[in-house]
Amino acid sequence: MSTAIQGSASKDFRFDVVVLGGAGHVGLPLAIALASRGLLVCICDINEKSVATVLGGELPFREEGAQQLLRRALDDGTLTASTDDQVIGEAEHVVVVIGTPVDGHLNPDPYAVPQALRAGRRNLRPDQLVVLRSTVYPGVTQRVERMLADEGVRVDVAFCPERIAEGRAMEELFSLPQIVAARTPEVRQRAGSLFRHLTNSIVELEPEEAELAKLFTNTWRYIKFAAANQFYVMANDHGLDYDVIRKALAVDYPRASDMPGAGFAAGPCLLKDTMQLAAFTDNSFVLGHSAMLVNEGLPLYIVSRLKAKHDLSTMTVGILGMAFKGGSDDIRSSLSYKLKRILAFSADSVLCTDPYVTVDESLDSLDDVLDQSDLLVIGAPHPEYRRVPTSKEVVDVWNLLGRGTTI
Ligand SMILES: NC(=O)c1ccc[n+]([C@@H]2O[C@H](COP(=O)([O-])OP(=O)(O)OC[C@H]3O[C@@H](n4cnc5c(N)ncnc54)[C@H](O)[C@@H]3O)[C@@H](O)[C@H]2O)c1
């Protein structure tokens, strides 16, 4: 694997790559990974605090294995960061990985990426390659191509979606195949050359195919979780433990070995991308909307079951884990917070704790929550909770404690 881009930084550009949105959960690991391969990388991000944190050698969020590589890249001078969008014009490759959330009514924003590029277009230079890496609403790549062409900006455009899971980026960026899409074989080749610094496994598609490939990837996962959560509810309603059934049916039966356990299917991507696909099909995506009802309904189901067993109005309920998934500090679209809101209405009081989350000052220590709660609910399956020292009732949909999942 080579460690320098041909005809690059040293000749016409100061950097090989600028990552727009590079202080975010996806952009930062990518910038670090490319810099670790010897490329000259500049992060460009509007978040001043995150840029300062990165320049100080710290990560703004947890990402396994990234800290050491970040510091090494800063020391080696292969990575830097800036809030000044003029750096966009100083790199041969401009990778755009800004956030693309849905709004409060679950509508996608197809203008997020074009607007970010429109704002920075005065800095774009002929012969640059613009790589869209955010997960976009179908058709956004073409919109960007047309917008830039209409404005006389002569750059190549590719769409190369990110498919890592948060927390595993520093391993998956080097091991997952990279989907590379562009309008011509030459531009696909050019974008492929960039990502070959990370992986030799390149899969080529047309831009419209690649946009759907990314959305299908996340939606498929979301629907699988919904199937598991619906099976969980079915079994639980009949006093049976879904996890016992799931493990038994998969014994020496590979066709069912991928059936997931139940649990909160949350976070910034899965629901959002399922809703992007729903909007793309004029909201006739029955399976996607059903998956949303099941997954988003799980906190309410848990509370309804608890209300059938207990007088919650006299009880303090403790939630263990507020991040959207185990081992993470990310609370974006976490269903633990939905659970907290529902419990706040039904229970006497709610206490919350999380060993990783640093952005929520209302959290209590694990000891206080264990001590003061009458009843506990696992909200995120952090490994720390596997041996949680309590004899109190714990609602554990993941079966993290191995005491069963029934409520
Ligand atoms: N989080 C994941 O696990 C994951 C995985 C694969 C793909 N994605 C996709 O990657 C994209 C980014 O997601 P994320 O989780 O990293 O979001 P994020 O919010 O963590 O990061 C986005 C970054 O972009 C910056 N930003 C926003 N507008 C900007 C602009 N105009 N110029 C410069 N910087 C700007 C923000 O300050 C932020 O640091 C989304 O499209 C998401 O769907 C996310």
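Ignoring ligands, DNA and RNA, what accessible area per residue does the stretch 306-407 give at 1.4 Å, in Å²? The partial results should precede the final answer.
On the way: 4650 Å² over 102 residues.
Averaged over the residues of the stretch 306-407, the accessible area is 46 Å².
So how exposed is Phe280, as accessible area in Å² (1.4 Å probe, rounded to 10)?
90
Quick one: accessible surface of Ser50, probe radius 1.4 Å, all protein chains present, in square angstrom to the nearest 10.
Result for Ser50: roughly 20 Å² accessible.
Take each of the peptides 23-34, 123-134, average the number of other beta-carbon atoms within 10 Å over its residues, and list them starting from the highest. Intermediate results must be reported in sequence, preceding the final value.
Numbers: 23-34: 26.4, 123-134: 20.1.
Sorting 23-34, 123-134 by mean packing, highest first, produces 23-34, 123-134.
Roughly how tilted is helix 140-150, in degrees to the nearest 10 and between 0 and 90, from the longest Cα axis of the chain?
The helix 140-150 is inclined about 30 degrees to the chain.
Starting from the amide H of Gly379, placed 1.01 Å from N in the peptide plane, find each other amide H under 5 Å away whose residue is 5 or more places distant or on another chain.
The list, which skips near neighbours in sequence, is Leu320, Gly321.
Hey, what do the phi angles of the stretch 164-178 turn into as Karplus ³J(HN,Hα) couplings, whole Hz, using 6.51/-1.76/1.60 and θ = phi - 60°, x for Gly and Pro?
6, 9, 3, x, 10, 4, 5, 9, 6, 4, 9, 10, 7, x, 9
Take the residue pairs Lys49/Lys214; Lys307/Lys340; Lys272/Lys325; Lys224/Lys272 and return only those whose Cα atoms are more than 20 Å apart. Mind dumping the intermediate values first?
Details: Lys49/Lys214 30 Å; Lys307/Lys340 15 Å; Lys272/Lys325 16 Å; Lys224/Lys272 15 Å.
Among Lys49/Lys214; Lys307/Lys340; Lys272/Lys325; Lys224/Lys272, the Cα-Cα distance tops 20 Å for Lys49/Lys214.
Could you tell me the relative contact order of the chain? Use alpha-carbon pairs under 8 Å, at least six residues apart, and round to a whole percent. Can you show the working numbers first?
Working: 782 pairs, mean separation 46.8, N = 407.
Averaging sequence separation for qualifying contacts and normalising by length gives 11 percent for the chain.
What ranking of Ile46, Ile378 comes out by heavy-atom accessible area, probe 1.4 Å, highest first? The partial results should precede the final answer.
On the way: Ile46 165, Ile378 5 Å².
The ordering from most to least exposed comes out as Ile46, Ile378.
Taking H placed 1.01 Å from N in the peptide plane, check which residues at least 5 places from Val26 or on another chain put their amide H under 5 Å from its amide H.
none
What is the helix-to-structure angle for 185-195, meaning the angle in degrees between its Cα long axis and the longest Cα principal axis of the chain, kept from 0 to 90 and rounded to the nearest 10?
60
Using each residue's phi in the stretch 326-336, evaluate 6.51 cos²θ - 1.76 cosθ + 1.60 at θ = phi - 60° and report the 3J(HN,Hα) Karplus result to the nearest Hz, with x for Gly and Pro.
Taking θ as phi minus 60°, the curve returns x, x, 10, 10, 8, 9, 4, 6, 6, 6, 4 Hz for the stretch 326-336.
Find out how many positive minus negative residues lie around Met292, taking Lys and Arg as positive, Asp and Glu as negative, among other residues whose Cβ is under 13 Å from that of Met292. Walk me through the intermediate numbers first.
Numbers: positive: Lys272, Lys338; negative: Asp273, Glu296.
Surrounding charge for Met292 is 0.
Tell me what the chain gives for mean residue ellipticity at 222 nm when only DSSP H runs of n ≥ 4 count, each as -39,500 (n - 2.57), the sum divided by the residue total, rounded to 500 deg cm²/dmol.
On the way: 13 runs with 160 residues, N = 407.
Helix contribution divided over all residues of the chain: -12500 deg cm²/dmol.
Sort Ile179, Ile245, Ile331 by accessible area with a 1.4 Å probe, largest first. The partial results should precede the final answer.
Details: Ile179 10, Ile245 75, Ile331 50 Å².
Descending order: Ile245, Ile331, Ile179.
What does the extension gain come out to for Ala213 and Thr281, with contour length at 0.36 nm per residue minus their alpha carbon separation? List each step's numbers first, then the result.
On the way: separation 68, 0.36 × 68 = 24.48 nm, distance 1.50 nm.
Separation in residues times 0.36 nm, less the Cα-Cα distance, equals 23.0 nm.
Whose amide H sits under 5 Å from the amide H of Ile43, counting only residues 5 or more places off or on another chain, with H placed in the peptide plane?
Placed amide hydrogens put Val19, Thr80, Ala81, Ser82 under 5 Å from Ile43.
Among DSSP beta bridges whose residues both lie in the chain, state the antiparallel percentage, nearest 5. Mind dumping the intermediate values first?
Values: 2 of 38 bridges.
Given both bridge residues lie in the chain, the antiparallel proportion sits at roughly 5 percent.
Quick one: dipole size for the chain, taken about the Cα centre, charges +1 on Lys/Arg Cβ and -1 on Asp/Glu Cβ, in debye to the nearest 20. Write out the running numbers ahead of the final one.
Numbers: 40 positive and 53 negative charges, 135 e Å.
The calculated dipole for the chain is roughly 640 debye.
Nearest 10 degrees is fine. How inclined is helix 270-280 to the longest principal axis of the chain, computing both from alpha carbons?
Helix 270-280 sits at roughly 70 degrees to that axis.
Output ³J(HN,Hα) for the stretch 208-214: one whole-Hz value per residue in order, computed from phi by the Karplus curve 6.51 cos²θ - 1.76 cosθ + 1.60 with θ = phi - 60°, and x for Gly and Pro.
5, 5, 5, 4, 6, 4, 5
The values are calculated or read from the model by the stated rules, or taken from the named source; none is laboratory data. Note that the structure is a prediction, hence the values are computed from the model and not measured. Reconstructed Cβ throughout: ideal geometry from the backbone, glycine too, with neighbour counts over all protein chains shown. Surface areas here come from the heavy atoms of the whole protein model, side chains and all, with no ligands, DNA or RNA. Shrake-Rupley method; radii C 1.70, N 1.55, O 1.52, S 1.80 Å.
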